[in-house]
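> Quick one: structure below, then a few questions.
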Amino acid sequence: MRPETGRSKILSNVVLSQVGEHARFGGVVPEIAARAHVEALDYVIAKAMAAAKQTFNSIDAVAAAAGPGLIGGVIVGLTTAKAIALVSGKPLIAVNHLEAHALTARLTDDVQFPYCLFLASGGHTQILAVRGVGQYVRLGTTVDDAIGEAFDKTAKLLGLAYPGGPEVEREACGGNPGRFALPRPMAGRPDANFSFSGLKTALRLEAEKIAPITDEDVRDLCASFQQAVVEVVHDRLRAGMKVFRMRHGTPTALVAAGGVAANEAIRKVLQRVAFEHGIKLVVPPGELCTDNGAMIAWAGAERLALGLTDPLDFAPRARWPLEEIAGPKTQPGLMSQQDA
Ligand code: KG4
Ligand code: ZN
């Protein structure tokens, strides 16, 4: 992939989902996740290299996610990347997995800086100003649960399968979104923050009131929940866009990333926000919105093009806010170009 020329091509993108191994526990079990990484990684790398028709000698660099996230899996992935980099003599790029989500739209749609990013996954709910590689300003975040987590907890409460987002969306299709009066947390506030725990509690109380719940109740609860989330996202993104314009000017696009961006009702409301602001909406295809290797490789390619490589003793990080990423700002020559 060549970010400096704007041309990019995914040669292979092998994703091995562990969902099946965690489903019966209703959520991700850290120890299972780490062990599954150890068992699967060699095979996944071999498969990806074969599909791409590349060898460790023919590549320019090795990029790996170095956080934030469940540390067991991150350690396994980063250590493996270090070994490959060391043996093949290629530079290592330790990628922040949130940065990879943030830059994916440049791989798929060549979006120019600055743009507004709505990152909505199982662990994150953020509105960000993406000003350049390594230059991320958080405009809003959740003060409690992440948006995907709210979908997952709702699904669990209603006896639906894990991961809950797609299940809740499916049930919501046939339900009545007006039947239950659920709150719209944070709506109307000038900041761009989110809150989902009150919504989850309100849903639980409504379900308890009518227990035992029927299939129709489940559909109506899902529809009412999704409607509340959609309205909250609309309101919070409007606030986020206002803050963006005040601080960073007009964004080139509204970009969505993370598993929740796969939700059709949420996509529709994102389209509306983009339309209201006269900018385009960019949502990378589902398989590139959820966690995948191609997005890490792309972030690595973007960083490599700016000379941003990392030492082999780079420590994996369970917590790694986007604002703490080292960017070209630390390189005087590139600062004016990025800040222009
Ligand atoms: O980005 P992702 O694949 O993994 C991380 O969390 O990093 O996001 C997974 C999250 C889960 O919480 C899942 O329930 C949610 O995205 N999700 C959805 C949908 N598809 C996935 N939420 C709502 N509607 C969907 N269609
Ligand atoms: Zn992710």
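The values are calculated or read from the model by the stated rules, or taken from the named source; none is laboratory data. From a predicted model like this one, the values you see are computed outputs, not experimental measurements. Reconstructed Cβ throughout: ideal geometry from the backbone, glycine too, with neighbour counts over all protein chains shown. The area values use the complete protein model at the heavy-atom level, side chains included, leaving out ligands, DNA and RNA. Shrake-Rupley method; radii C 1.70, N 1.55, O 1.52, S 1.80 Å.
> Quick check on this structure: which one of Ala65, Ala51, Ala94, Ala81 is more than 16 Å from ligand 1 (Cβ to nearest atom), open to solvent by 20 Å² or more (accessible area, probe 1.4 Å) and more than 30 Å from His277 (Cβ to Cβ)?
Exactly one of Ala65, Ala51, Ala94, Ala81 is more than 16 Å from ligand 1 (Cβ to nearest atom), open to solvent by 20 Å² or more (accessible area, probe 1.4 Å) and more than 30 Å from His277 (Cβ to Cβ), namely Ala51.
> Continuing with the same structure: Are there any pairs, at least 6 apart or on different chains, whose C-beta atoms fall under 7 Å, with the first in the range 102-121 and farther than 21 Å from Phe196 by Cβ and in a loop (DSSP other than H, G, I, E, B) and the second of a type in the set (A, V, I, L, M, F, W, C) and open to solvent by less than 10 Å² (accessible area, probe 1.4 Å), and if so, which?
Note: pairs meeting the criteria are Val111/Ala105; Val111/Ala253; Val111/Val255; Val111/Val282; Phe113/Val130; Pro114/Ala129; Pro114/Val130.
> Hey, does the range 288-307 have a residue that's of a type outside the set (Gly, Ala, Ser), more than 16 Å from ligand 1 (Cβ to nearest atom) and open to solvent by 50 Å² or more (accessible area, probe 1.4 Å)?
For the range 288-307, residues of a type outside the set (Gly, Ala, Ser), more than 16 Å from ligand 1 (Cβ to nearest atom) and open to solvent by 50 Å² or more (accessible area, probe 1.4 Å): present.
> Still on this structure, please answer the following. Output the residues belonging to the range 6-33 that are among the aliphatic types (A, V, I, L, M), under 20 Å from the mean Cα position of the chain (by Cα) and either at pLDDT 75 or above or in a loop (DSSP other than H, G, I, E, B) (or both).
Ile10, Val14, Val15, Leu16, Val28, Val29, Ala33
> Another question, if that's okay. List every residue pair whose Cβ atoms lie under 6 Å apart, where the two residues are 6 or more positions apart in sequence or sit on different chains, the first residue falls within the range 251-279 and is within 22 Å of Gly148 (Cα to Cα) and without any contact (Cβ under 8 Å) to a residue 24 or more places away in the chain, and the second residue, located anywhere, is assigned to a strand (DSSP E or B) and away from ligand 2 (no atom under 16 Å from the Cβ).
Listed pairs, sorted by first residue: Gln271/Leu281; Ala274/Leu254; Ala274/Leu281.
> How about the range 199-250: which of its residues are under 17 Å from Lys153 (Cα atoms), among the small types (Gly, Ala, Ser) and within 23 Å of the chain's Cα centre (by Cα)?
Answer for the range 199-250, where residues must be under 17 Å from Lys153 (Cα atoms), among the small types (Gly, Ala, Ser) and within 23 Å of the chain's Cα centre (by Cα): just Ala228.
> Within 16 Å of ligand 1 (Cβ to nearest atom), over 18 Å from Arg317 (Cβ atoms) and in contact (Cβ under 8 Å) with a residue 24 or more places away in the chain: does that describe Gly26?
Yes; evaluated as a whole, the condition is true for this residue.
> Go through the range 88-107 and report how many residues are of a type in the set (Ser, Thr, Tyr) and either away from ligand 2 (no atom under 16 Å from the Cβ) or on the phi > 0 side of the Ramachandran plot (or both).
1
> Can you tell me how many residues within the range 252-308 are in contact with a His (Cβ under 8 Å, 6 or more places away or on another chain), at pLDDT 95 or above and either at positive phi or away from ligand 2 (no atom under 13 Å from the Cβ) (or both)?
Within the range 252-308, residues that are in contact with a His (Cβ under 8 Å, 6 or more places away or on another chain), at pLDDT 95 or above and either at positive phi or away from ligand 2 (no atom under 13 Å from the Cβ) (or both) number 4.
> So for the range 58-78 (the condition being hydroxyl-bearing (Ser, Thr, Tyr), in a loop (DSSP other than H, G, I, E, B) and more than 14 Å from ligand 2 (Cβ to nearest atom)), does at least one residue qualify?
Within the range 58-78, one or more residues are hydroxyl-bearing (Ser, Thr, Tyr), in a loop (DSSP other than H, G, I, E, B) and more than 14 Å from ligand 2 (Cβ to nearest atom).
> Also, quick follow-up: Among the residues of the range 276-294, which ones are of a type in the set (D, E, K, R) and assigned to a helix (DSSP H, G or I)?
The answer is Glu276, Glu287.
> Would you check which residues across the range 141-162 are open to solvent by 20 Å² or more (accessible area, probe 1.4 Å), within 10 Å of ligand 1 (Cβ to nearest atom) and under 14 Å from the mean Cα position of the chain (by Cα) and list them?
Glu149
> Report yes if Val137 is open to solvent by less than 10 Å² (accessible area, probe 1.4 Å) and either farther than 22 Å from Leu312 by Cβ or part of a strand (DSSP E or B) (or both), otherwise no.
Judged against the criteria, Val137 is not a match.
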